[in-house]
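Heads up, the thing below is written out as structure tokens.
Read-outs: derived from the displayed coordinates by stated rules, not from any lab. Note that the coordinates shown come from a computational prediction; the quantities given were computed from them, not determined experimentally. Here the Cβ positions follow ideal geometry from the backbone for every residue, glycine too, while neighbour counts run over all protein chains shown.
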Amino acid sequence: MSRNIKRIILISLITAVIVATAGWFLFVRQTGPQIIEFDINRDGKDIMAIYERDWDWLIPGDRNSFSPELMMAYRAPQQNPMYAGRLKIKVMRDENDKLIGFVAWFMKNADVGFLNFLDVNPEYRGKGYAEKLVRYAMDQMIKGGAKKLTMVTYTHNARARKFYNRIGWRETGIEGKQVHLVYYP
């Protein structure tokens, strides 16, 4: 092989390595906080603090109507043993291991997913973390076969209603203090 051909091959290989590395950094490697699997030992106390602070935003009833402790322990969206293990919970933590927020969802049946909970700690709101968490949950339900996603929020939660509308959810009705929403992939 001539010296020019060797040089062209070497330059081509170096260029390919540089382009591949740059592509990995730009398109594959995620920066910032990551969405990770819920671990009751690591995350349980922090999520309980969220429930204590935001109970009225997260739960329609009182402490007798829902137990976040049982939800986390049994991964159940409600206090019914039939649902044990069906609730998926993911968390997001910052570089100092402080909880940013969490999202929880389950499949009601093979075609319908339900976004059960989404909450972001106040100091992290307005930074895109809620959207990242909810889109992750939506993607997971769609990958799981959901042809329709549903959820409920409160009529007085104008910020949440605006947020969900902005990312493609549509209100389907109001029942008491609750607004029902749907998303079709």
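List the residues whose amide H sits under 5 Å from the amide H of Asn121, counting only those 5 or more places along or on another chain, with H placed 1.01 Å from N in the peptide plane.
Residues meeting the amide H criterion: Gly101.
I'd like to compare 161-171, 60-70, 136-146: which one has the highest average count of other Cβ atoms within 10 Å, and what's the full order after that?
The peptides rank, most packed first, as 136-146, 161-171, 60-70.
Going by alpha carbons, how many degrees (0 to 90, nearest 10) lie between the helix axis of 129-143 and the longest principal axis of the chain?
90 degrees
Determine the sum of side-chain charges near Arg42: Lys and Arg each +1, Asp and Glu each -1, restricted to other residues whose C-beta is under 12 angstrom from that of Arg42.
-2
For the chain, what is the relative contact order in percent, using Cα pairs closer than 8 Å and at least 6 residues apart in sequence?
Reported as a whole number, the value is 14 percent.
Please give every one of the lysines within straight-line cross-link reach of Lys90, meaning a C-alpha to C-alpha distance under 29 Å, and leave out same-chain neighbours fewer than 8 residues apart.
Those lysines meeting the cut-off are Lys45, Lys98, Lys108, Lys127, Lys132, Lys143, Lys147, Lys148, Lys162, Lys177.
Would you mind checking which residues have amide H under 5 Å from Gln178's amide H? H placed 1.01 Å from N; only 5 or more apart, or other chain.
Sorted by chain and number, the residues that satisfy this are Thr155.
Give me a comma-separated list of calculated 3J(HN,Hα) values for the stretch 112-126, in order, Karplus coefficients 6.51, -1.76, 1.60 applied at θ = phi - 60°, integers in Hz, x for any Gly or Pro.
10, x, 10, 7, 8, 9, 8, 8, 10, 4, x, 5, 10, 6, x
Which lysines have a Cα lying under 18 Å from the Cα of Lys6, excluding residues fewer than 8 positions away in the same chain?
Partners within reach: none.
Specify which labelled value, from (1) 10.2; (2) 10.8; (3) 15.1, agrees with mean projected area of the Cα convex hull in nm² derived from the coordinates of the model shown.
(3)
Only helical DSSP H runs with n ≥ 4 go in: add -39500 (n - 2.57) per run for the chain, normalise by residue count and round the 222 nm mean residue ellipticity to 500 deg cm²/dmol.
Value at 222 nm, helices only, nearest 500: -12500 deg cm²/dmol.
With charges only on Cβ, +1 for K and R and -1 for D and E, what is the dipole size of the stretch 32-183 about its Cα centre, in debye, rounded to 20?
560 debye
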